[in-house]
Amino acid sequence: MPIVKTSSKGQVVIPAEVRKKIGLKPGDKVLVRLADDNRVTIEPVPDDPITALRGILKGGSSLTKALLRERRKDRQREDKKAARFLRGHRVASERTRRRDSRGSSG
């Protein structure tokens, strides 16, 4: 990589071979970031960042599918809890009915 100088205004000329490699044209915007204490990165900013990022997560794990799976598991757990509660409630109700029917017949 070639070494370049900064001007009195702090400007740096990006060598033509680097501009060509990253597709930088006159008038394009660049993102300048401090990578660590003594390193700087320069990245071209796309004309339309939204379009440029489209599909960036494609092929990875689907967060929606993972969320739906988790919700399905939660629903099954809740259904089991409700079934246990209702089962216990029915048993108690039947005991009360039996007791009442015995008391009224005697």
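The values are calculated or read from the model by the stated rules, or taken from the named source; none is laboratory data. Keep in mind it's a predicted model, so treat the numbers as computed, not measured. Because the Cβ atoms are built from the backbone with ideal geometry, glycine has one as well, and the counts that use them run over all protein chains shown.
In region 54-67, the condition of being among the aliphatic types (A, V, I, L, M), part of a loop (DSSP other than H, G, I, E, B) and surrounded by 10 or more Cβ atoms within 10 Å (Cβ to Cβ) is met by at least one residue. Pairs are defined by a Cβ separation below 8 Å, a sequence spacing of at least 6 or placement on different chains, a first member in region 37-62 that is at pLDDT 75 or above, and a second member that is of a type in the set (D, E, K, R) and part of a loop (DSSP other than H, G, I, E, B); the pairs so defined are Pro44/Asp28; Pro44/Lys29; Val45/Asp28; Val45/Lys29. Out of Glu78, Glu43, one residue alone is part of a strand (DSSP E or B) and under 30 Å from the mean Cα position of the chain (by Cα). It is Glu43.
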